[in-house]
Each structure stands twice: as structure tokens, then as C-alpha cells.
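Chemist: Input: one structure, supplied below.
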Amino acid sequence: MARGGTRLNHLLFAYDRVLFGKAKSEEWKKLMDMLKVYERALATKKNLWKRKAVENASCPICGFEEETAMHVMWQCPAARDIWIGSIQVIQKWSSVEDNFLILWEKLIDKLTDKELELVAVLMRLLWLRRNSFIFEEKFKDPDSVIRSARAVIEDFQEARIDESKIKSPVTIGSGSQRWIKPTQGFIKANWDASLGTQNLGLGIVLRNGIGEVLACACYKKPPVSDSTLAETMALWQAVELSNELGFRVILEGDAQVMVQAINSEDEDFSLGGHIVEDVKVVLRERRAWKVQFTRREGNGVANSLAKKALLVEHD
Ligand SMILES: [Zn+2]
């Protein structure tokens, strides 16, 4: 499925997150499986209609066809406007395609990595636009959707450049204060939080044994008053992401007190204690996973992603 049969750079979207990175074919397969689940889970009108939650299944935007995930992101005339305005190769493609995986394979085959990134971000924005149309009665015009997509991609490219500046094959940083590669068979997930006045930014980066980024994610959340709570929320996102991707992980962050709380037998009664206890439950099911402390210098990429998250515009 992957271009060249070996690996490809890709980007996936899912709800409020964007994943970038390189994936080997078996990892890619896992990601595709995940996408299938999302496809089924997307609360489109057709799905809701199947569950008898809405009166009819027609698209709220164009009012014609059944609203499936494929309709929202590909077939709907409102989606066609986006594709025609953004990626030349796609302009002449049929809008009749109704199988997402077949479409996605065709996209992988025909598009450059850069175009593929843009497609993935646009699909995510199409979905968010559909939601804001239904729930807030706002509808973004095609040009501003395409502009937002390009801005998202620029942000992530910067994050990648930040990383490559400080990256050597197995270590990042210098001396004893550096990112250290995970032991064989593991992925390392670094997390960090950045507290702004208006928002909380969470950043996560997943890297393999040679330091390649497999996925990264930024989340923008409402602000919290406590920095340990913020760190705990970031760890939770890292746990969820690793879980969804099916990785065996070493989770690493620079919040020493919280890492100690996670690894302690005692129940945590702090502000974020309920999350700490949730993480412990996951760790009991995944005995191989570890949560460990690293100095700030070893956590640079997660830190810059967390800061970046604060700058991400809400769609
Ligand atoms: Zn429609």
C-alpha cells in the first residue's frame, strides 16, 4: 500500500489532532485500521439515522445526498469546491468514489507527500467546518479553509525543522542531558505542557529507536491553574495516542513529582490525582510500558510542540 512498498511520509487526521511522521508498512497498516474505526465512528447523519437519532439522513450542507463521512469529505459539492481550489491533480477526479480506503490508496499513489499532507489537513478541516455549520451555524468559505490548512502545515514544518536542528541519529541534546533512544522494540513518547494565560498547550512526540518521528500531536485546551495538573493532562494524551497506535512505549516527561506519583503505590490525592490513577490503571494492563523522568533538555521537541499548540488557531 505504501509508496515504493517500504515506507512513506504521511499525515493522518482524527478529530482534533493531526499526526505527522514516517511509518513503516506495518505501522502504516495499524494507522489505516485506526482510520477505518474512525470512519465508522464519525457521527454522520447516516450513522445517526441508522441508530434512529435523526429524522432523515440527508446532508445538512447541500441537502441532497445521504450524509456519510465520504459525502462530507469528498462527494458533497461544498467539498468539491475545496478540492478544486487546492490540489490540481484531484480536480478531474470523480466525486462518485464512495470508499474512503480506495480513495486514500489512490491519493497515496498519485500525490506527492506534500500534497498528501494538504489533503489530510483539508479533510480534517472539512469535517470541522461541517460541525461548526451544524452546531454554530457558521460556514467558512473555501478560500479560508484552504488558507487555514496551509497555515497548519507550516506550523508543523517549523516543528520538524526545530527538531532536525538538534537531532543526531540516536541522541538529541548533549552530554547527560539529552534525548536518549528507547530500548529495542519500544517507541519513546515524550510529552510536555505549556501554560499560557488564555489556554493550555499540550505537545506529544513519538519516536522510534533511531530517533525518527512517527507521530506528533498538539492539543489546545482551556487553561488550568496548576502546572502538575497540566503535565498530567499531557501525559494522559500521550497514553491515549500510544494506545490508539498500538505502540509499546516508554513515556517520558520532565515533571519529576508527577512521574514519581505515577510510579508510586500510594494513591495520589493531588489536583490531577484522578488522571494519575487512570494512568496507573492503563500501566497495570500494559506491564511493559514505563513512565520515566527526563531533564528539560531531553524533552525539547515535546516542549516546542506544547508551545506551538498555544498558537494554533481554533477552527
Ligand atoms: Zn452535501
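Chemist: So E154 fits all but one of (1) in contact (Cβ under 8 Å) with a residue 12 or more places away in the chain; (2) under 19 Å from Y219 (Cα atoms); what number is the exception?
Modeler: Evaluating E154 over (1) in contact (Cβ under 8 Å) with a residue 12 or more places away in the chain; (2) under 19 Å from Y219 (Cα atoms) leaves (1) as the failure.
Chemist: To continue, here is another question. For the range 240-255, does any single residue satisfy the condition of being more than 21 Å from G209 (Cα to Cα), assigned by TED's automatic domain parsing to the domain that holds N199 and either at pLDDT 95 or above or not in a helix (DSSP H, G or I) (or both)?
Modeler: So far as the range 240-255 goes, yes, one or more of its residues are more than 21 Å from G209 (Cα to Cα), assigned by TED's automatic domain parsing to the domain that holds N199 and either at pLDDT 95 or above or not in a helix (DSSP H, G or I) (or both).
Chemist: Could you please give the count of residues in the range 74-105 that are touching a Phe, Trp or Tyr at 6+ places or on another chain (Cβ under 9 Å), modelled with pLDDT of 85 or more and either of a type in the set (F, W, Y) or more than 15 Å from the ligand (Cβ to nearest atom) (or both)?
Modeler: Here the count works out to 4.
Chemist: Taking only the range 218-240 into account, find how many residues are surrounded by 23 or more Cβ atoms within 10 Å (Cβ to Cβ) and not β-branched (V, I, T).
Modeler: 6
Chemist: Of the conditions (1) within 16 Å of the ligand (Cβ to nearest atom); (2) over 16 Å from D143 (Cα atoms); (3) surrounded by 15 or more Cβ atoms within 10 Å (Cβ to Cβ), L116 satisfies every one except a single condition; which number is it?
Modeler: (1)
Chemist: Further question: Looking only at the range 120-147, which residues are over 16 Å from A78 (Cβ atoms) and touching a residue at least 24 places away in the same chain (Cβ under 8 Å)?
Modeler: A120, V121
Chemist: Surrounded by 15 or more Cβ atoms within 10 Å (Cβ to Cβ), more than 15 Å from the ligand (Cβ to nearest atom) and not basic (K, R): is that true of L111 in this structure?
Modeler: Against the criterion (surrounded by 15 or more Cβ atoms within 10 Å (Cβ to Cβ), more than 15 Å from the ligand (Cβ to nearest atom) and not basic (K, R)), L111 qualifies.
Chemist: In the range 287-305, which residues are aliphatic (A, V, I, L, M) and surrounded by 22 or more Cβ atoms within 10 Å (Cβ to Cβ)?
Modeler: Across the range 287-305, the qualifying residues are V291, V301, A302, L305.
Chemist: Here's a follow-up. Of the numbered conditions (1) modelled with pLDDT of 80 or more; (2) surrounded by 12 or more Cβ atoms within 10 Å (Cβ to Cβ), S144 satisfies every one except a single condition; which is it?
Modeler: Exception for S144: condition (2).
Chemist: Also: For the range 98-110, indicate whether the set of residues that are basic (K, R) and farther than 27 Å from G63 by Cα is non-empty.
Modeler: The answer is yes, given that some residue of the range 98-110 is basic (K, R) and farther than 27 Å from G63 by Cα.
Chemist: I'd like the residue in the range 59-73 that is more than 8 Å from the ligand (Cβ to nearest atom) and at pLDDT 80 or above and, out of all such residues, is farthest from the chain's Cα centre (by Cα).
Modeler: M70
Chemist: Restricting the first residue to the range 81-93 and requiring it to be within 15 Å of D113 (Cα to Cα), which pairs with a second residue that is basic (K, R) meet a Cβ separation below 7 Å and a spacing of at least six or different chains?
Modeler: Cβ pairs passing all conditions: V89/K110.
The values are calculated or read from the model by the stated rules, or taken from the named source; none is laboratory data. All figures in this text were calculated on a predicted structure; none of them were measured in a lab. Using ideal geometry, Cβ is built from the backbone for each residue, glycine included, and neighbour counts are taken over all protein chains shown.
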